[in-house]
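Trainee: Here it is, the structure, as structure tokens.
The values are calculated or read from the model by the stated rules, or taken from the named source; none is laboratory data. Just so you know, these numbers come straight off a predicted model, no measurement behind them. When we count neighbours, we look across all protein chains shown, and the Cβ atoms used for this are built from the backbone with ideal geometry, even at glycine.
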Amino acid sequence: MAASMAGQDDHGKFHHPLIPQDSADVNLQNIPAECKPRPLPKGFEGAAEMGKGGGTLSQLKSELHIAAFTTDVVAVQRILNAGTTTSNRFRVNAVDHGSPPLVFAVRVKAKDSDHDAKIAQIAQMLLDAGADVNYTLIGEESPLLLASIYGGGVGKVQTVRTLLRAGANVRQRDKRHRMTALHWAVVSGWANVVEALIDGGASCTSKGGKEKEDAHAMARGRLLKLKKGELIPTGPHEEEARKAEFEKMVTLCEVGAKQRNREKADKKAARKAAKAAAGDEADDVESVCTESVCDDLDDWEERGRGTASFVPERDLA
């Protein structure tokens, strides 16, 4: 076969189109060819409760994935400094055991606020290098979802804010539970993470989970269980501190729900006023795309996003 074939060198080795062929430009051994998703052994540790992406430290092959998983800020910086802009863009989106480095970084348990700050710092470095902030695993979990889920330690509010500033999708739902990051933050029991998500645009009226509850109802339900003496295995270890966290969340979600309802009402009124000004008399025909159905993107998602039978008017433009 001719050596000039696109994508191959004189020895027939494949070159990724985003990686310079000159080995002096990038440390290629940090991105081994065997970094491909494959089945994991039963009972493995190191992956979150949800999702099939993940792996133990000993299973990982990529140096950058290992550095992100172990929250080694110095190593992550060293690896990225050794690459070029183009090679780093590939490296930070390379998959090892089903996940890119950003997923491994944000799903780590934060022992304390200082550890959370290091996780957020690594996340920012990966994002600056071109990591996809909205990458989703096979179970449709995004980095924001994984960072919002309680994995022990403390809530990763600094990491969550870092992802939100980078444009993380607050409406992303996991495939199994159909819950957003806000739902998981409420279940996880950390009010500062809930507040960060609400500030970032998360909807307090969007319903999810087995019981189809919004964030406010979830917070109230868990607070009631705590007051009845039932065990809630998330949030601060001290019972009184845990109650205080859920009381804060109830207030935050109540305020957030009222604000979202006001926004929806204002948008609905604005659309009606615009139609009236345009002399639109098509309101006599009932349609699944009317504002009564499409007044909230979260409602759209729950009613069948992406189907031919349900496409909001504003998304047809």
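Trainee: Within the bounds of segment 171-181, is there any residue that is part of a helix (DSSP H, G or I) and surrounded by 19 or more Cβ atoms within 10 Å (Cβ to Cβ)?
Mentor: yes
Trainee: A further question on this structure: Take Gly155 and decide whether it is crowded, with 23+ Cβ neighbours inside 10 Å and either part of a loop (DSSP other than H, G, I, E, B) or over 10 Å from the mean Cα position of the chain (by Cα) (or both).
Mentor: yes
Trainee: Restricting to segment 89-100, what's the tally of residues that are modelled with pLDDT of 90 or more and farther than 15 Å from Val133 by Cα?
Mentor: Final tally of qualifying residues: 0.
Trainee: Would a scan of segment 113-128 turn up a residue that is crowded, with 24+ Cβ neighbours inside 10 Å, in contact (Cβ under 8 Å) with a residue 12 or more places away in the chain and in a loop (DSSP other than H, G, I, E, B)?
Mentor: Scanning segment 113-128 turns up no residue that is crowded, with 24+ Cβ neighbours inside 10 Å, in contact (Cβ under 8 Å) with a residue 12 or more places away in the chain and in a loop (DSSP other than H, G, I, E, B).
Trainee: Those residues that are outside any helix (DSSP H, G or I) and either of a type in the set (S, T, N, Q) or over 14 Å from Ala191 (Cα atoms) (or both), I need them from segment 203-227; list them, please. Give the derivation first.
Mentor: As a first pass, look at segment 203-227 and keep what is outside any helix (DSSP H, G or I): 203-214.
Across segment 203-227, the qualifying residues are Ser203, Thr205, Ser206, Lys207, Gly208, Gly209, Lys210, Glu211, Lys212, Glu213, Asp214.
Trainee: Take the residues of segment 254-303 that are part of a helix (DSSP H, G or I), closer than 23 Å to Glu211 by Cα and at pLDDT below 55: which is farthest from the chain's Cα centre (by Cα)?
Mentor: Filtering segment 254-303 for residues that are part of a helix (DSSP H, G or I), closer than 23 Å to Glu211 by Cα and at pLDDT below 55, the one farthest from the chain's Cα centre (by Cα) comes out as Val293.
Trainee: Here's a follow-up. Of the residues in segment 206-216, how many are closer than 19 Å to Lys258 by Cβ and surrounded by fewer than 19 Cβ atoms within 10 Å (Cβ to Cβ)?
Mentor: 1
A quick yes/no check of all residues on (1) of a type outside the set (Asp, Glu); (2) under 26 Å from Ala123 (Cβ atoms); (3) in contact (Cβ under 8 Å) with a residue 60 or more places away in the chain:
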| residue | (1), (2), (3) |
| --- | --- |
| Asn169 | yes, yes, no |
| Val194 | yes, yes, no |
| Cys204 | yes, yes, no |
| Gly209 | yes, no, no |
| Lys212 | yes, no, no |
| Ala217 | yes, no, no |
| Leu226 | yes, no, no |
| Ile232 | yes, no, no |
| Glu238 | no, no, no |
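Trainee: Also: With the requirement that a residue be more than 22 Å from Arg178 (Cβ to Cβ) and touching a helix residue (DSSP H, G or I) at 6+ places or on another chain (Cβ under 8 Å), what does segment 143-154 give you?
Mentor: Within segment 143-154, Gly153, Val154 qualify.
Trainee: Just wondering, is there one or more residues in segment 136-144 that are under 24 Å from Leu252 (Cβ atoms), in a helix (DSSP H, G or I) and acidic (Asp, Glu)?
Mentor: No; the residues of segment 136-144 include none that is under 24 Å from Leu252 (Cβ atoms), in a helix (DSSP H, G or I) and acidic (Asp, Glu).
Trainee: Being buried (at least 23 other Cβ atoms within 10 Å of the Cβ) and not aliphatic (A, V, I, L, M) is the filter here, so list the residues in segment 182-194 that pass it.
Mentor: If we filter segment 182-194 for residues that are buried (at least 23 other Cβ atoms within 10 Å of the Cβ), which is where we start, we get 182-186, 189-191, 193-194.
Result: His183, Trp184, Gly189, Trp190.
Trainee: Here's something else I'd like to know. Could you list, in sequence order, the residues of segment 252-278 that are loosely packed, with under 13 Cβ neighbours inside 10 Å and not charged (D, E, K, R)?
Mentor: Ala265, Ala269, Ala270, Ala273, Ala274, Ala276, Ala277, Ala278, listed by residue number.
Trainee: Here are some residues: Val108, Val103, Val74. Which one is part of a helix (DSSP H, G or I), at pLDDT 90 or above, in contact with a Gly (Cβ under 8 Å, 6 or more places away or on another chain) and of a type in the set (Val, Ile, Thr)? Talk me through it step by step, then tell me what you get.
Mentor: Numbers: Val108 fails: part of a helix (DSSP H, G or I); Val74 fails: in contact with a Gly (Cβ under 8 Å, 6 or more places away or on another chain).
Just one listed residue meets the conditions, Val103.
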